[in-house]
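The values are calculated or read from the model by the stated rules, or taken from the named source; none is laboratory data. Note that the structure is a prediction, hence the values are computed from the model and not measured. Using ideal geometry, Cβ is built from the backbone for each residue, glycine included, and neighbour counts are taken over all protein chains shown.
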Amino acid sequence: MSTVPVSDDLEPVPLVKVLLLTFLKTRPESSGYDLMKSIRDFTGGRIELKSGTVYGELRRLEHQGLVQSQRETSGRRRRAYVVTDNGMQELGRLVTQIKARMSLLLQPLIALAESDLKE
């Protein structure tokens with residue numbers, strides 16, 4: 001049995017970060033509430049993030065320079081978020097990491113599991 005060296009490709013993928021950056025890329029100027037609703041709707045309710053999770057991660061992303069926010073003054077009090085250029089680069093890096101993980105680990109694992117089932 002061959003071993004695979006541990007690399008960045010096997011580090012845990014920050015799923016909430018990927019979700020928020022992806023949905024902000026496709027729906028710029030969304031609020032935290034908008035993001036929670038979009039993710040819930042997109043996943044058919046299978047992923048329902050809590051407000052503390054979303055707003056905490058948005059603060060971290062803003063602190064890291066991956067998103068920017070602006071408080072809207074008209075209408076309801078809300079903060080609209082957009083992905084920065086650095087955020088787009090980070091999203092690209094994370095997507096590459098996910099794809100590498102799929103081809104390195106998940107696809108061979110699924111093939112192995114399926115081959116055992118066919119015998």
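Annotations
- Qualifying residues in the range 60-82 (those that are hydroxyl-bearing (Ser, Thr, Tyr) and over 14 Å from Leu19 (Cα atoms)) - the one surrounded by the fewest Cβ atoms within 10 Å (Cβ to Cβ): Ser74
- Just one of the numbered conditions (1) under 15 Å from the mean Cα position of the chain (by Cα); (2) charged (D, E, K, R); (3) loosely packed, with under 13 Cβ neighbours inside 10 Å; (4) part of a helix (DSSP H, G or I) is not true of Glu57: (3).
- All of (1) surrounded by 11 or more Cβ atoms within 10 Å (Cβ to Cβ); (2) farther than 14 Å from Leu20 by Cα hold for Glu114 with one exception: (1).
- Whenever a residue of the range 23-46 is in contact (Cβ under 8 Å) with a residue 40 or more places away in the chain and within 14 Å of Glu57 (Cα to Cα), its partners that are part of a helix (DSSP H, G or I) and of a type in the set (Ser, Thr, Tyr), lying with C-beta atoms within less than 6 angstrom and at least six residues away or across chains, give the pairs Gly32/Tyr55.
- In the range 1-20, of all residues being within 18 Å of Val95 (Cβ to Cβ) and assigned to a loop (DSSP other than H, G, I, E, B), the one that is modelled with the highest pLDDT corresponds to Pro14.
- Boolean, Glu90 is touching a helix residue (DSSP H, G or I) at 6+ places or on another chain (Cβ under 6 Å) and either modelled with pLDDT of 90 or more or assigned to a helix (DSSP H, G or I) (or both): no
- Within the range 26-54, tally of residues that are surrounded by 14 or more Cβ atoms within 10 Å (Cβ to Cβ) and touching a Gly at 6+ places or on another chain (Cβ under 9 Å): 1
- Filter result (among the acidic types (Asp, Glu) and assigned to a helix (DSSP H, G or I)) within the range 21-53: Asp34, Asp41
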